[in-house]
Amino acid sequence: MYLEQIITLLKDVLSLGDEVVLNADTPLLGALPELDSMAVVNLIGALEDQFGIAIDDDEIGAATFESVGSLAAFVEKKLAQ
Amino acid sequence: MSLAAHAQPFFLEAGGGERFCLYHAPAGDCRGAFVYVHPFGDEMNRTRRMAALGARALARAGYGVLQIDLAGCGDSSGEFGEARWQGWKDDLTLARAWLAGRLGRPAGVWGLRLGALLALDHAADLADTADEPRLLLWQPVLAGATYLTQLLRLRMAGDLVGTNAGNGGGADSPQALRALLQAGSAVEIGGYLLAPELAAALDRLDAARLAPAAAVDWFEVVAAPDRPAPPAAQRVAAAWQDKRKDAGKDVCLHTVAGPSFWASQEITECPALVEATVAALVESAHA
C-alpha cells in the first residue's frame, strides 16, 4: 500500500538515478552502496517527516532495512498503531 | 549588487544583549511586512542564501522584511547553550514590534523549518487577538519531539561512521541522550550545546495543536512537480482546517518542486519556492 511512496522516498533521499529500478524484493542494507550509516539516519528522518511517525531506535534493525518490501511493511505497521 | 546594498544591518537591543538584524526595505509602496525566523543549527547555515533570496524578492514585491538572528544564534549575543524557547519567542515579539513601528503596519511572520514552528507557537499565543500574525511557512517542522530525536540521532550516526569510536554501545542512542536531558544535563550535538530546558520545550511542540486563525500560506518542497504534499503535512493542514472551518479562512498548502535546500551539504537554491511565495502574497492581496 505504501510501496510506491517508499520507493519514491528512497530514490529522493539516496539520490538514485532513474536507471535504478526498485520493487518490493529489492535488497537494501548491504546491497545498495548508497545506504551507508549516515544515509540510514537520513532515511529514518525522512520517513518520520513524510509520514508523521516517530521511530524508536529499538524498533528498527537490520531486518527492517533488508528489502524495500520489509521497509514498506514496517511503515505500514507504524501507521496502523 | 551585493546583499549589503539591499539590506540594512543593525543590532536590536533585547533582554540580556543584542540581536543581529538585517532590514530589507520594501520597494515602492509598502504592501506588507514580515519578520523572518531562521532554522536551527546547521540548517541555519545551509539556508542563509535562500533566506537572502526570499527576503530580497519580498522586498522587491513591496514587502518589508526583517531578518533576526535569535539569541545565541548567528551574530546575536549569547551562547546557544543559554538559549530558551520562550526567549526566542520574546525575540520574535520584539522584532515584530520594531518592524511594525518602522512600516506602520502589522508584521507577519515568515519561518523556515524550526523557525516556522516558532512562528506557529508565537501565533498560537496570540490566537484570535488583533495582533495574531499572518504566516508564511516554509517546510515547517511539525513535531518537536521527532525533530529532537533526529538531532540526537545525528550523534549516533557520527559514532557509526567512527568519529566517536570507543564510546561504546547505547550511551549515545537517542533514548540515552534524552534521559540525560531529562535529568537536567546539557547535551552536545554537532558543536551545539543543547540545554535541557530547550529540549523539553521542543519535546512538547506539536504543530497539529497550533492551528493558526489568521491567514497562512504553507509551502512544502517536493522532488517533482506531480508529487502531492507529504501525508504528514496534509494531516496537519486538515486538522487546522477542521478547527477553523467556521472562520471561513483557508489553509493554503502549496507544493513546489525543488531540492531539499535546508538538508543538503552544499549551498542549494530553490528559486521556484521564492517565486511561489511572492505569487501567493500578490494573489491574496488581490483576493
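With under 25 Å from A:LEU9 (Cβ atoms), in a loop (DSSP other than H, G, I, E, B) and among the basic types (Lys, Arg) as the only criterion, which of B:ARG235, B:ARG227 stands out? After applying the criteria, what remains is B:ARG227. If you check A:LEU10, A:LEU14, A:LEU22 for being modelled with pLDDT under 90 and either in contact with a strand residue (DSSP E or B) (Cβ under 7 Å, 6 or more places away or on another chain) or farther than 22 Å from B:GLY170 by Cα (or both), only one passes: A:LEU14.
Just give me the residues in the range B:32-57 being surrounded by 22 or more Cβ atoms within 10 Å (Cβ to Cβ) and either among the small types (Gly, Ala, Ser) or closer than 13 Å to B:ALA7 by Cβ (or both), in sequence order.
B:ALA33, B:TYR36, B:GLY54, B:ALA55
Evaluating A:GLN81 against the criteria (1) within 12 Å of chain B (Cβ to nearest Cβ); (2) exposed (fewer than 15 other Cβ atoms within 10 Å of the Cβ) leaves one unmet condition, (1).
Does B:GLU197 qualify as being at pLDDT below 95 and more than 14 Å from chain A (Cβ to nearest Cβ)? It would help to see each step written out before you state the result.
Working: at pLDDT below 95: no; more than 14 Å from chain A (Cβ to nearest Cβ): yes.
Against the criterion (at pLDDT below 95 and more than 14 Å from chain A (Cβ to nearest Cβ)), B:GLU197 does not qualify.
Of the residues screened, B:TRP240 is one that is closer than 27 Å to B:ALA51 by Cβ, without any contact (Cβ under 8 Å) to a residue 40 or more places away in the chain and either touching a Pro at 6+ places or on another chain (Cβ under 7 Å) or in a helix (DSSP H, G or I) (or both). When A:ALA72 is tested against (1) within 13 Å of chain B (Cβ to nearest Cβ); (2) within 22 Å of B:ALA229 (Cβ to Cβ); (3) of a type in the set (Gly, Ala, Ser); (4) assigned to a helix (DSSP H, G or I), just one condition goes unmet, and that condition is (1).
Only one of the numbered conditions (1) free of Cβ contacts under 8 Å to residues at least 40 places away in the same chain; (2) out of contact with any Ser or Thr (no Cβ under 8 Å at 6 or more places or on another chain) is violated by B:SER264, and that is (1).
If only one of B:ARG113, B:ARG178, B:ARG153 is modelled with pLDDT under 95 and touching a strand residue (DSSP E or B) at 6+ places or on another chain (Cβ under 9 Å), which one is it? Unique residue meeting the criteria: B:ARG178. With respect to being modelled with pLDDT under 95, closer than 24 Å to B:ALA213 by Cα and out of contact with any Gly (no Cβ under 9 Å at 6 or more places or on another chain), B:THR129 fits the description. All conditions in (1) within 13 Å of chain A (Cβ to nearest Cβ); (2) surrounded by fewer than 20 Cβ atoms within 10 Å (Cβ to Cβ); (3) not in a helix (DSSP H, G or I) hold for B:ALA213, with the sole exception of (1). Among the residues of the range A:1-45, those identified as within 14 Å of chain B (Cβ to nearest Cβ), exposed (fewer than 15 other Cβ atoms within 10 Å of the Cβ) and in contact with an Asp or Glu (Cβ under 8 Å, 6 or more places away or on another chain) are A:MET1, A:SER15.
The values are calculated or read from the model by the stated rules, or taken from the named source; none is laboratory data. Small disclaimer: the values here were computed from a predicted structure and weren't measured. So basically every Cβ, Gly included, is an ideal-geometry build from the backbone, and we count neighbours across all protein chains shown.
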